[in-house]
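Quick notes on the structure that follows.
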Amino acid sequence: MPSLTIEARELVKTYGRTVAVDHLSFTVRPGLVTGFVGPNGAGKSTTLRMLLALDRPDSGTALIGGRPYRDYREPARTVGALLDPEAVHPGRRAADHLLWMAQYNGIPRRRVGEVLAITGLESAARKRAGGFSLGMRQRLGIAAALLGDPAVLILDEPVNGLDPEGIRWIRGLLRSMAAEGRTVLISSHLMGELQDTADHLIVLGRGRVLADTSVRELLDLTSGSRIEVSTSDRGGALEALTGAGATVAVTGAETLTVDGLDTARVAAVLSAAGVPFTGVGPHRASLEDVYMAMTREHVTFSALT
Amino acid sequence: MTAFYRAVVAEWTKLRTVRSTGLALLAMIGLTMLLSLLAATLSTSTANDARLSVDQFHFVHRPVTGDATVTARVSQSDTGEWAKAGLMVKEGTASGSSYAAIMLTPGHGVRLQADARTEVSRPSAAGPRWLRLRWTGQSVTGYESPDGVTWNTVGTVAVAGRLSEAGLFVASPPRLHLLGEIPRYEAVPGSATFQDVAPDGPGWRDTPVVEPPSGAAVGEGVPSAPPLAGGSRWSGTAMVTVTGSGDIGGAGMGGINLTDLDRVRAGLSGVQFGLIGAIALGALAVTAEFRTGTIRTTFAARPGRGTVLAAKSLVVAVVVFVSGLALAVAAFLITRPLQHANGYHAPIYPSPALTSPPVLRAVAGAALFLSLIAVFSLAVGTIVRRTAGAVVILLTGLVIVPVVAAGTSGSAAEVVGRFTPLAGLSILQTVELTPLSNAVVTGVWAGFAVLCGYTAAALGAAFWILNRRDA
């Protein structure tokens, strides 16, 4: 499998007065699942469309394997992409939908059957796409992306519409693709979707990169050295710990996070003050928390759901 | 080349795997057949039974008894290729009575006619010519000569009536204006100068030979127009300039053609509504991709958008051409016996075989016309992107406006026939209509070139816009 990177250099795209993508630069490396995350309107889909030469950037370049997508004569053999699972003609049968895409790229017909098998759509091969559920269309779109056995996979919101079994399946698929040395870029507006899938994250807000880091680093960075305390006497704990010079934040009815003291010292302070506690340990932020904190100021319009 | 071939194969897969393709082709075939059959069933002709002829001209004549000869040097003004000037001997001066005549035409040589039934022609150079008519009883022989010294026999014809008046005549056929399917004829004045007229001397009289208003002497449907006042002006006793309008002969003779002569075109006329199917096929082939978003999948599969457009156009063109060809052959073969049964047959109406070049051109032309309309629609669809918008624009421009124009005014219909993509219908013509007419609004290839021009321009615009716009 050739090792190919995805590279955005100073990409800019404006629609009228709205700046969708604002001097965006990043590199996606092979062998990893990279999550492309940001709230709706952050510029994820626009960036992906520019990577695939569907939209023309106002300035900057988008390269895959060092070449613009436009230069690929038969791109599906190198880049597998899923942008919109709804982009199928409702009257066309699933196998035919894959067949014409294969033919455009000189991919043999038998590969259509193979990707239908990989995505679990064999029984729906002769069914018209109009009758597909969102999950089935998502699988059909992923099947299309896999047609050319590509070294680079670009999937926009691939988890959307999948049932829990489907989500587990696609995580496994993406992890094994990355393990084979492929370059995998998946976008999502929900950080939680990526927590168990992505190795690396590019966080986007208002068309700019907010973070470009590994998942572990991001969690450590945000979690820091804080300690989480569970106690039935929140008020007593608060008083005792601030008295010992710590910064304390209330995070729940019976939980506090403590900054400035280590685990042993927190336990000692609480014991000395006679405050009952059921747990003292390092605080682990969830990706969702990190993401919420990071993008709070960068949300251009919040989800209406 | 491989890349283009693969694009063509892929686009063919796309086209054949959606139901709208079949439905559009079905609409194209159904509408064409329906309208061609309707036209073939509903229109009838009595031209062969009723002896359609026209007998209207200016006659400068004198009575004759027994066998005689008339001679003159004739120089004719060119008011059209079928203008007629020459010598005539006739059974009296009533329109429709028996006659024999030898005449010059600017475009079709020297011609000898008898009783609007018989015609002999001899090619000759344009310009003044000596003519002579000599008769014995009811047998009339015509001669022509470049100099009045060496004479060539044009032919001998027999007339039915007793010949009593002989002399000079001038006719100039009317100009045809077709308002939709309704012909209107406009009289055109013609003139000729006759020199060295023999016999000479006094005794010549002028008679405008005019069809009776009832049309009793001649059949309906032949090209005739209210006559213009003709006359004669003598210079001396042997030279006279004669003016007149009208025409002589029977349908199918001497350039006297009926407007409904082109039965091949009539049999294929359904394509001007069958093109609705071609419009739907061409437009949907691309607007459906924009509607579903598949266009992005396509451009992701092949970033070369020009190749995609070219492959799509080729596939649509070939699919419509092949089905259009089968359709046109079927329409020709099915409508012909119906037309025959309704009076459209020889001798007035030629019925050429499918394999004759003009018919092959018309039949293949009908398929080509539909094919180009489909590609034109594809290009418009690419520019407009929305199905409804593209279909409304195309139906308005290619179906509604022409129908309205045909029912409104001759000039509007002419504009449609000359300057819109529908000018391409000219390729269906197998008969050049005469007299001088605007029924043949454009030449066979000239009109077709207009359609080709529109298609090329639309494709060019589509290509330009496709490369510029975000998908």
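The values are calculated or read from the model by the stated rules, or taken from the named source; none is laboratory data. This one's a predicted model, so the numbers in the text were calculated from it and none came from an experiment. Glycine gets a Cβ as well: all are built from the backbone with ideal geometry, and neighbour counts include every protein chain shown.
Some points to look at:
- Region B:457-471, subset part of a helix (DSSP H, G or I), in contact (Cβ under 8 Å) with a residue 12 or more places away in the chain and within 14 Å of chain A (Cβ to nearest Cβ), residue farthest from B:Pro421 (Cα to Cα): B:Asn467
- Count of residues meeting criterion [under 13 Å from B:His177 (Cα atoms), loosely packed, with under 14 Cβ neighbours inside 10 Å and in contact with a strand residue (DSSP E or B) (Cβ under 9 Å, 6 or more places away or on another chain)] in region B:403-415: 1
- B:Ser313 being in contact (Cβ under 8 Å) with a residue 40 or more places away in the chain and surrounded by fewer than 21 Cβ atoms within 10 Å (Cβ to Cβ): no
- Test: residue in region B:269-282 that is farther than 25 Å from A:Leu52 by Cβ, surrounded by fewer than 24 Cβ atoms within 10 Å (Cβ to Cβ), without any contact (Cβ under 8 Å) to a residue 60 or more places away in the chain and more than 14 Å from chain A (Cβ to nearest Cβ): no
- Per the listing B:Ala367, B:Ala379, the residue uniquely closer than 23 Å to B:Leu35 by Cα and buried (at least 18 other Cβ atoms within 10 Å of the Cβ) is B:Ala367.
- Residue selected from region B:390-402 under the condition at pLDDT 95 or above and in contact with a Gly (Cβ under 9 Å, 6 or more places away or on another chain), by the criterion surrounded by the most Cβ atoms within 10 Å (Cβ to Cβ): B:Ala390
- Residue count for region A:89-107 satisfying the condition of being among the hydrophobic types (A, V, I, L, M, F, W, C), within 7 Å of chain B (Cβ to nearest Cβ) and in contact with a Leu (Cβ under 9 Å, 6 or more places away or on another chain): 1.
- Matching entry among A:Arg182, A:Arg175 (being charged (D, E, K, R) and crowded, with 21+ Cβ neighbours inside 10 Å): A:Arg182
- Residue list for region A:38-57, filter: within 11 Å of chain B (Cβ to nearest Cβ) and not small (Gly, Ala, Ser): A:Thr46, A:Leu48, A:Arg49, A:Met50, A:Leu51, A:Leu52, A:Leu54, A:Asp55, A:Arg56, A:Pro57
- Neighbours by Cβ (under 9 Å, 6+ apart or cross-chain): first from region B:14-43, away from chain A (no Cβ under 13 Å); second basic (Lys, Arg): B:Ala40/B:Arg263; B:Ala40/B:Arg336
- When residues of region A:65-88 are limited to those that are within 18 Å of A:Val28 (Cα to Cα) and more than 7 Å from chain B (Cβ to nearest Cβ), the one surrounded by the fewest Cβ atoms within 10 Å (Cβ to Cβ): A:Gly66
- Counting only helices (runs of 4 or more DSSP H) wholly contained in region B:348-432, the ones carrying 3 or more residues that are more than 26 Å from the chain's Cα centre (by Cα) occupy B:357-384, B:387-395.
- Residues that are surrounded by fewer than 22 Cβ atoms within 10 Å (Cβ to Cβ) and either within 21 Å of the chain's Cα centre (by Cα) or at pLDDT 95 or above (or both), drawn from region A:15-36: A:Asp22, A:His23, A:Ser25, A:Phe26, A:Thr27, A:Arg29, A:Pro30, A:Gly31, A:Leu32
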